């Protein structure tokens, strides 16, 4: 029983240290305009230097759009996803020498465009 308790305590200590190393700085901004449009921005910076930004927009006409942008710590890779209310989305992945864009229609049809720079 004593060994089990020590093992559980050690695991909790290690998990706590892991979560401390994964600390993130988060900024949240919410804006509403007089015409009924609203926008929420959540920006997170991770301890390793990477970042993630989520922007959600609602218009007075009932349209909504969510944009998620992730960037690697070294700044060499990024991914942007734009999801629309109708179910369609656009995904753009960028690297040092390439860009890949995938458009997905609401019915599931995909269009892929790849570009490579030398």
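Here, each number is a calculation from the coordinates, and none is a lab measurement. Everything numeric in this text was worked out from a predicted model, so none of it was measured. Positions of Cβ are generated from backbone atoms using ideal geometry, with glycine treated the same way; all protein chains shown enter the neighbour counts.
If each residue's Cβ is checked for other Cβ atoms within 10 Å, how do 26, 66 rank with the fewest at the top?
26, 66
Go ahead and run the numbers for FRET between residue 116 and residue 35, Cβ-Cβ distance against an R0 of 35 Å, rounding to 0.05. Before the final figure, lay out each step's value.
On the way: r = 43 Å, r/R0 = 1.23.
Efficiency computed from Cβ-Cβ geometry: 0.20.
Between residue 88 and residue 107, what length comes free when the chain is fully extended (0.36 nm per residue of separation minus the Cα-Cα distance, one decimal in nm)?
Residue separation times 0.36 nm, minus the Cα-Cα distance, leaves 6.1 nm.
Based on the mean of other Cβ atoms within 10 Å per residue, sort peptides 78-91, 100-113, 33-46 so the most packed one is first. Please list the in-between numbers first.
On the way: 78-91: 15.0, 100-113: 11.6, 33-46: 13.1.
Highest-to-lowest ranking by the protection proxy: 78-91, 33-46, 100-113.
Taking 7 Å along the Cα-to-C-beta vector as the label spot, tell me the residue 72-residue 96 distance in nanometres, rounded to one decimal.
0.8 nm
Modelling each spin label as a point 7 Å along the Cα-to-Cβ direction, I'd like the residue 25/residue 54 distance in nm, to one decimal.
That separation, rounded to one decimal, is 2.1 nm.
Relative contact order for segment 24-116: what is it in percent, counting Cα pairs under 8 Å that are at least 6 residues apart?
Numbers: 207 pairs, mean separation 14.1, N = 93.
Dividing the mean separation by the residue count of segment 24-116 yields 15 percent.
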